[in-house]
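Asks: I have a structure I would like to understand better, so I am pasting it below and will then ask my questions one at a time.
The values are calculated or read from the model by the stated rules, or taken from the named source; none is laboratory data. Everything numeric here is computed off the predicted structure, so don't read it as measured data. Cβ: placed from backbone, ideal geometry, glycine included. Neighbour counts: every protein chain shown. Note: areas computed on protein heavy atoms with side chains; ligands, DNA, RNA excluded. Shrake-Rupley method; radii C 1.70, N 1.55, O 1.52, S 1.80 Å.
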Amino acid sequence: EDKVVQSPLSLVVHEGDTVTLNCSYEVTNFRSLLWYKQEKKAPTFLFMLTSSGIEKKSGRLSSILDKKELFSILNITATQTGDSAVYLCAVETQGGSEKLVFGKGTKLTVNP
Amino acid sequence: GAGVSQTPSNKVTEKGKYVELRCDPISGHTALYWYRQSLGQGPEFLIYFQGTGAADDSGLPNDRFFAVRPEGSVSTLKIQRTERGDSAVYLCASSRTYQETQYFGPGTRLLVL
C-alpha cells in the first residue's frame with residue numbers, strides 16, 4: 001500500500017526562525033512529489049518535484065527530492081506569522097490512477 | 001473561472017438524508033478529482049474524472065457515494081443515506097489534463113448530525 005509520512009506533525013517557532021519539514025514515502029511507480037500549503041480549507045500548490053537533487057525555490061521557500069532515500073524536505077527561511085498553516089506532502093504515482101496520496105501534514109505555527 | 005469553486009461552503013444535514021456537493025473546475029481543465037479530508041488527516045482520494053467518464057473510482061468508500069460529470073465540466077458528488085462518519089471536508093481539484101498539477105477548491109465542510 002502506498003504510504004506518505006510527514007514529520008514533525010506539529011511545530012511551533014518564532015518569527016525569523018528557519019524550519020525544515022520532512023516527507024518520506026513508499027509508493028510503487030513514483031511519478032512526482034508535491035507540496036501544498038493549507039491555511040483554511042483549500043490546499044494551495046507550492047512545488048512539484050520529479051528529479052533528485054534539483055532544488056526548487058520560491059522566495060523564502062525551497063524544496064528538494066531524494067529519490068534514492070525516498071524523501072523530500074521543505075525549507076522555510078526567515079519565517080513570518082503568515083507562514084502559519086498545515087503543509088501537506090503528496091505523491092503521485094504513474095501507470096494507473098492519477099490520484100495523489102497525501103501525508104497527514106505538518107502544522108506549523110509561527111509566533112510573533 | 002479563476003479557480004476551482006465549490007458549493008455549498010458548509011452543509012449541515014441529518015443522518016439518513018441525501019446530499020449533493022458541487023464542484024466547478026478551472027475553465028479548460030479536463031481532469032477533475034474528489035478528495036475527502038477528515039480532521040487531522042491529509043486528503044484521501046475518492047474519484048477521478050477524465051472528461052465525462054470516471055477513470056478511477058477506487059476511493060469511493062461504499063455504494064452510498066456516487067459522482068457524475070455529465071458535460072465534462074461541473075461535477076456533483078452525491079451521498080445517499082448520510083452517516084455521522086461522512087462528516088468531513090470534501091475537496092475538489094482539477095488539472096489541465098492528467099498527470100499535471102492539481103489545483104484545489106476551498107472545499108465543502110459536511111456535518112452530519
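Asks: Where in chain B lies the longest segment free of GluC sites (Glu not before Pro) that are both loop residues by DSSP (not H, G, I, E, B) and have at most 10 other Cβ atoms within 10 Å? Can you show the working numbers first?
Replies: Working: sites that count: B:14, B:71.
Here the longest run is B:15-70.
Asks: I need the Debye-formula profile for chain A: one equal scatterer per C-alpha, no solvent, reported as log10 I(q)/I(0) at q = 0.11, 0.15, 0.20, 0.23 1/Å, two decimals.
Replies: For the requested q values the scattering log ratios are -0.32, -0.59, -1.03, -1.32.
Asks: Here's something else I'd like to know. If we restrict to alpha carbons, what Rg and Dmax does the stretch B:26-113 come to, in Å?
Replies: For the stretch B:26-113, the Cα radius of gyration and maximum Cα-Cα distance read 12.7, 38 Å.
Asks: How high is the relative contact order of chain A, in percent, with contacts defined as C-alpha pairs under 8 Å that are six or more residues apart?
Replies: Answer for chain A is 37 percent.
Asks: Probe radius 1.4 Å, ligands and nucleic acids left out: which of B:58, A:24 has the largest accessible area, and how do the rest follow?
Replies: Listed by decreasing accessible area, they come as B:58, A:24.
Asks: In terms of Cα to Cα distance under 17 Å, which aspartates and glutamates are near enough to residue A:107, apart from those fewer than 8 places away along the same chain?
Replies: Candidates past the 8-residue exclusion: A:15, A:17, A:39, A:83.
Asks: Of the options B:10, B:48, B:59, report the single residue whose Cα projects farthest towards the positive end of the charge dipole of chain B (beta-carbon charges: Lys, Arg +1; Asp, Glu -1).
Replies: Highest projection toward the positive end goes to B:10.
Asks: Still on this model: Give me the percent relative contact order of chain B, please, defined on Cα pairs under 8 angstrom at least 6 residues apart.
Replies: Values: 298 pairs, mean separation 41.6, N = 113.
Worked out over chain B, it gives 37 percent.
Asks: So how strong a dipole does chain B carry about its Cα centre when Lys and Arg Cβ are +1 and Asp and Glu Cβ are -1, to the nearest 20 debye?
Replies: Computed charge dipole of chain B: roughly 340 debye.
Asks: What FRET efficiency do you get for residue B:100 and residue A:12 if R0 is 30 Å and r is their Cβ-Cβ distance, rounded to the nearest 0.05? Each step should come with its number before you reach the end.
Replies: On the way: r = 35 Å, r/R0 = 1.17.
Calculated transfer efficiency: 0.30.
Asks: In square nanometres and to one decimal, what's the mean projected area of the convex hull around the Cα atoms of the protein assembly as shown? Don't skip to the end; give the middle numbers.
Replies: Details: hull surface 49.4 nm².
Dividing the Cα hull surface by four gives the mean projection, 12.3 nm².
Asks: Please report the spacing between the Cα centers of the stretch B:1-56 and the stretch A:23-46 in Å, no decimals.
Replies: Using only Cα atoms, the two centres lie 18 Å from each other.
Asks: List the chymotrypsin sites (Phe, Trp or Tyr not before Pro) within the stretch B:1-84 that DSSP assigns to loop and that have no more than 15 neighbouring Cβ atoms inside 10 Å. Walk me through the numbers before you get to the answer.
Replies: Numbers: sites: B:18, B:33, B:34, B:35, B:45, B:48, B:49, B:65, B:66; in loops: B:18.
Loop-located and lightly packed - B:18.
Asks: A follow-up question, please. Measure up A:68/A:104; A:37/B:78; A:57/A:99; A:57/B:78; A:56/B:11 against 30 Å on the Cα-Cα distance and list the ones that go over. Spell out each step's value before the answer.
Replies: Details: A:68/A:104 22 Å; A:37/B:78 28 Å; A:57/A:99 25 Å; A:57/B:78 40 Å; A:56/B:11 38 Å.
As for pairs spanning more than 30 Å Cα to Cα, those are A:57/B:78; A:56/B:11.
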